[in-house]
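Q: After the structure tokens below, expect a handful of questions from me.
The values are calculated or read from the model by the stated rules, or taken from the named source; none is laboratory data. Everything quoted here is computed from the prediction, not taken from an experiment. Here the Cβ positions follow ideal geometry from the backbone for every residue, glycine too, while neighbour counts run over all protein chains shown.
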Amino acid sequence: MSTSPFADATTELAALAKALGHPARVAIVRQLQARTCCTCGGLVAVLPLSQSTVSQHLKALSVAGLVRPETQGARASYQLDPARWARVQELLGGLFAELNRRADQASG
């Protein structure tokens, strides 16, 4: 049972937006999209951020399910989770469709 007064989809979208609510996280997502997968060190090499900062942001993206870590011994490689990104698109698409319907009703 949910304790939130909001619908599950609304709460889910807010959590995803929060995970993407930092420019460093958006930059990390863009790098992962361009590379398919990458280690934290690989991201540090191309972003103006320290290893600990990149690691912290990767954790936040992982907790939201947007990024999947794959451990290979002591190293972790990160990649985007396509199913989760499809869900982001679905949730945002629904929000924008609702906003467009209301705008059309207001102007009509």
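Q: Does Ser62 satisfy being of a type in the set (Gly, Ala, Ser), touching a residue at least 24 places away in the same chain (Cβ under 8 Å) and either closer than 26 Å to Glu12 by Cα or in a helix (DSSP H, G or I) (or both)?
A: No, not satisfied.
Q: Say we look at segment 1-17 and pick out the residues that are among the β-branched types (Val, Ile, Thr) and at pLDDT 80 or above; which of these is farthest from Gly94 (Cα to Cα)? Explain how you work it out, then say what you get.
A: Filtering segment 1-17 down to residues among the β-branched types (Val, Ile, Thr) leaves 3, 10-11.
Then keep just the ones that are at pLDDT 80 or above; that gives 10-11.
Values: Thr10: 10, Thr11: 14 Å.
Only one residue tops the list, namely Thr11.
Q: So, in segment 69-91, how many residues would count as being within 12 Å of the chain's Cα centre (by Cα) and either assigned to a strand (DSSP E or B) or surrounded by 12 or more Cβ atoms within 10 Å (Cβ to Cβ) (or both)?
A: 7
Q: Can you tell me which residues in segment 63-89 are farther than 17 Å from Arg25 by Cα and not polar (S, T, N, Q)?
A: Of everything in segment 63-89, those that are farther than 17 Å from Arg25 by Cα and not polar (S, T, N, Q) turn out to be Glu70, Gly73, Ala74, Arg75, Ala76, Ala83, Ala86, Arg87.
Q: Go through segment 50-59 and give me each residue that's part of a helix (DSSP H, G or I) and without any contact (Cβ under 8 Å) to a residue 24 or more places away in the chain.
A: Gln51, Ser52, Ser55, Gln56, Lys59, listed by residue number.
Q: Gln31 passes all but one of (1) over 16 Å from Ala64 (Cα atoms); (2) over 15 Å from the mean Cα position of the chain (by Cα); (3) free of Cβ contacts under 8 Å to residues at least 24 places away in the same chain; which number fails?
A: (2)
Q: While we're looking at this one, here's another question. Taking Thr3, is it more than 15 Å from the chain's Cα centre (by Cα) and farther than 20 Å from His57 by Cβ?
A: Taking the combined requirement at face value, the residue satisfies it.
Q: Residues to consider are Gly42, Gly21; find the one that is exposed (fewer than 14 other Cβ atoms within 10 Å of the Cβ) and at pLDDT 95 or above.
A: One residue alone meets the criteria, Gly21.
Q: Still on this model: Could you pull out the residue among Ser62, Ser55 that is touching a Pro at 6+ places or on another chain (Cβ under 8 Å) and not hydrophobic (A, V, I, L, M, F, W, C)?
A: Of the residues listed, the single one that is touching a Pro at 6+ places or on another chain (Cβ under 8 Å) and not hydrophobic (A, V, I, L, M, F, W, C) is Ser62.
Q: While we're looking at this one, here's another question. Among the residues of segment 14-49, which ones are of a type in the set (Val, Ile, Thr) and not in a helix (DSSP H, G or I)?
A: Across segment 14-49, the qualifying residues are Thr36, Thr39.
Q: Also: Take Gln33 and decide whether it is surrounded by fewer than 16 Cβ atoms within 10 Å (Cβ to Cβ) and touching a strand residue (DSSP E or B) at 6+ places or on another chain (Cβ under 9 Å).
A: Considered against the rule, which asks whether it is surrounded by fewer than 16 Cβ atoms within 10 Å (Cβ to Cβ) and touching a strand residue (DSSP E or B) at 6+ places or on another chain (Cβ under 9 Å), Gln33 comes out as yes.
Q: Something else now. Residues of segment 1-13 being aliphatic (A, V, I, L, M) and part of a loop (DSSP other than H, G, I, E, B), which ones?
A: Met1, Ala7
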